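Novice: This is the structure I have questions about; it appears just below.
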Amino acid sequence: MDLRSLDALFRPSGQAVLESAQALQPREADYLAHFQSLCKQFPAELVRPALESAILRREAIAKYPAALAARMYLTREALEQATSYEVSTYRAERYLNRLKPAQLIDLGCSIGGDTLALAEVAPTLGIDRDPLRLRMAYANMEAFSRLPELVRNLQPVDFLQADLLSPLPITSPASTALFFDPARRTDQRRISSVNNYQPPLSIIREWLSQFPALGVKLSPGVNLAELSEYQAEIEFISLQGELKECVLWFGPLRNAVRQATLLPSRAQMMLENTTSASETPARLSPPQSFLYEPDPAVLRAGLVRLLAEQINATQLDPDIAYLTSRDLTLTPFARCWEIEAWFPFQLKRLRTYLRQRGIGRVTVKKRGSPLEPEALIHDLRLEGELERVLVLTHLNGEPIVLICSALVK
């Protein structure tokens, strides 16, 4: 997709092709067949961007409300890096609750996905250096404004083409807050170090003295050692049990040292200072009656020991994030299974145990085990109607297996 192709899609003739392409509900795997079919009715130069857009719109439903996704203009790289709408909306609320800014600046706004949410809080300016993505952002904002089921309090929005490596083109910093989303991909490859982001994270040093209210979106797999020099809260956000992103919060936007947030429940766990429970030695014990698997946001935020204290649980091993307890305590911060049995791992012993009880279907989970779940299931050669969860881990450095019943709701 380029600017010329996008402009062609905006015209009535392009919209007709786009409508026909979307009606096919196309997938990437079927691109060639759909392309050949559409070219029988429309010019190839219109079919190509229309079909690409239709495919991406279908995929965008995983991140955006269906009504919005069906109207958005996207590139594949921008969609892959885009924040889920539910996460963007949650994140924007911190600006409202902590600061109530007079103006928000979305730095590296791309196709405008985060701008949509920020514009419900305050007048927003989106800045990006890519003219194609800015043109898409304009169109996406217009589409969003026409969806009354989503829009609540939309404020004025504008977009500006500028390079963030240059001084910020902002003339009135009073009560202005920033949101920064640096590019974390190049040539279809993920960038792992914050020092190689585009622009690099270090650029925020130039902004903080003038704009102390700053939020920064980072990869959920960020190396925490690279963040030690920044005086910011580190928040990890999961959505429906899947870790989505890390956010740095500076100045008046900061709540704690570290925080785990689970969406859509909005359950939150925070470390308010470095001497809290997560910094104390782990309490250890062999498996008891129940096994807990902490949410990935809790894991990445380093709050497993704090969770253990909250639910009166212990760890199986100081390096393994499984918790266990004698009594059941339901928590939004972990999934829980009842432990039926456990013993040192031996394939023959495990196979015998399962066969004697008519267990023919197993789900295998693991932490700290080199075994591959698919290979283990094949080697067990089970028959039977009952189902269990097998957990492969270790205790005091020795491999063990836990046989667990169904997930406790």
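Novice: Based on the alpha carbon coordinates of the range 82-138, what radius of gyration and maximum Cα-Cα distance (Dmax) apply, in Å?
Specialist: Gyration radius and largest Cα-Cα distance of the range 82-138: 11.0, 34 Å.
Novice: Karplus couplings for the range 208-223 from phi (6.51 cos²θ - 1.76 cosθ + 1.60, θ = phi - 60°), rounded to Hz, Gly and Pro as x?
Specialist: Per-residue couplings from phi come out as 5, 5, 9, 10, x, 8, 9, x, 10, 8, 10, 5, x, x, 4, 6 Hz.
Novice: To continue, here is another question. Using r as the Cβ-Cβ distance of residue 340 and residue 396, and R0 as 25 Å, what FRET efficiency do you calculate, to the nearest 0.05?
Specialist: My answer for the efficiency is 0.70.
Novice: Whole Å is fine, so just give me how far the alpha carbon centre of the range 92-157 lies from that of the range 308-363.
Specialist: The range 92-157 and the range 308-363 have Cα centres spaced 45 Å from each other.
Novice: Can you compute the equivalent ellipsoid semi-axes for the range 211-327, i.e. the square root of 5 times each eigenvalue of the Cα gyration tensor, sorted largest first and rounded to whole Å?
Specialist: Rounded to whole Å, the semi-axes are 27, 15, 12.
Novice: Using DSSP to define loop residues, name the trypsin sites (Lys or Arg not before Pro) in the range 232-313 whose beta-carbon has at most 11 other beta-carbon atoms within 10 Å.
Specialist: Those satisfying the criteria are 266.
Novice: What number, in percent, do you get for the relative contact order of the range 230-275 if the mean sequence gap of Cα pairs under 8 Å and at least 6 apart is divided by its residue count?
Specialist: That works out to 36 percent.
Novice: Picking from 204, 111, 234, which is most flexible by a Gaussian network model of the chain using Cα springs under 10 Å?
Specialist: Judging by the Gaussian network model, the answer is 204.
Novice: Just to be sure I understand: of the beta bridges DSSP finds with both ends in the range 80-255, what percent are antiparallel, rounded to 5?
Specialist: So the antiparallel bridges amount to about 45 percent of the total.
Novice: Write down the Å³ per residue value for the convex hull defined by the alpha carbon atoms of the chain.
Specialist: Looking at the chain, the number lands at 172 Å³ per residue.
Novice: Which whole-percent values make up P(r) of the range 9-154 when all C-alpha to C-alpha distances are grouped in 10 Å steps starting at zero?
Specialist: 11, 40, 31, 13, 4, 0
Novice: In terms of modelled amide H atoms, which long-range or inter-chain residues lie less than 5 Å from the amide H of residue 295?
Specialist: 334, 335
Novice: What list of ³J(HN,Hα) values in whole Hz, one per residue of the range 101-114 in order, does the Karplus curve 6.51 cos²θ - 1.76 cosθ + 1.60 (θ = phi - 60°) give from phi, with Gly and Pro shown as x?
Specialist: Per-residue couplings from phi come out as x, 7, 8, 10, 10, 9, 8, x, 6, 6, 7, x, x, 6 Hz.
Novice: Are there any GluC sites (Glu not before Pro) in the range 229-311 that are in a DSSP loop and have at most 16 other Cβ atoms within 10 Å? List them by number.
Specialist: 229, 272
Novice: Further, regarding this structure: Once you have all Cα-Cα distances for the range 290-408, histogram them in 5 Å bins from zero and send the whole-percent values.
Specialist: Spelled out bin by bin, the range 290-408 gives 2, 11, 22, 23, 19, 12, 8, 3, 0 percent.
Novice: I've got another one for you. In percent, how large is the relative contact order of the chain, given Cα pairs closer than 8 Å and 6 or more residues apart?
Specialist: Worked out over the chain, it gives 8 percent.
Novice: Work out how much length residue 24 to residue 367 would gain on full extension: take 0.36 nm times their residue separation and subtract the Cα-Cα distance, in nm to one decimal.
Specialist: So the chain would gain 119.2 nm between residue 24 and residue 367.
Novice: Which log10 I(q)/I(0) values does the range 20-63 give at q = 0.23 Å⁻¹ under the Debye formula, counting every alpha carbon as one identical point scatterer?
Specialist: -0.68
Novice: On to the next question. Normalised by the residues of the range 80-255, what does the relative contact order come to in percent, with Cα pairs under 8 Å and at least six apart?
Specialist: It comes to 19 percent, rounded to a whole number.
Novice: Each residue of the range 282-292 in order: what ³J(HN,Hα) in whole Hz does its phi give by Karplus 6.51 cos²θ - 1.76 cosθ + 1.60, θ = phi - 60°, with x for Gly and Pro?
Specialist: The phi angles translate into 6, 8, 10, 6, x, x, 10, 8, 10, 10, 10 Hz.
Novice: What is the Rg over Rh value, at two decimals, for the range 80-255, using alpha-carbon atoms and the Kirkwood definition of Rh?
Specialist: A ratio of 0.93.
Novice: How big is the range 176-249 on each of its three principal axes, counting only the C-alpha atoms and giving the largest first in Å?
Specialist: Sorted from largest, the Cα extents of the range 176-249 read 34, 29, 23 Å.
The numbers here are math on the coordinates, done by the rules we state, and not lab data. The shown structure was predicted, so the numbers you read here are calculated from the model rather than taken from an experiment. Every residue, glycine among them, receives a Cβ derived from its backbone with ideal geometry; neighbour counts consider all protein chains shown.
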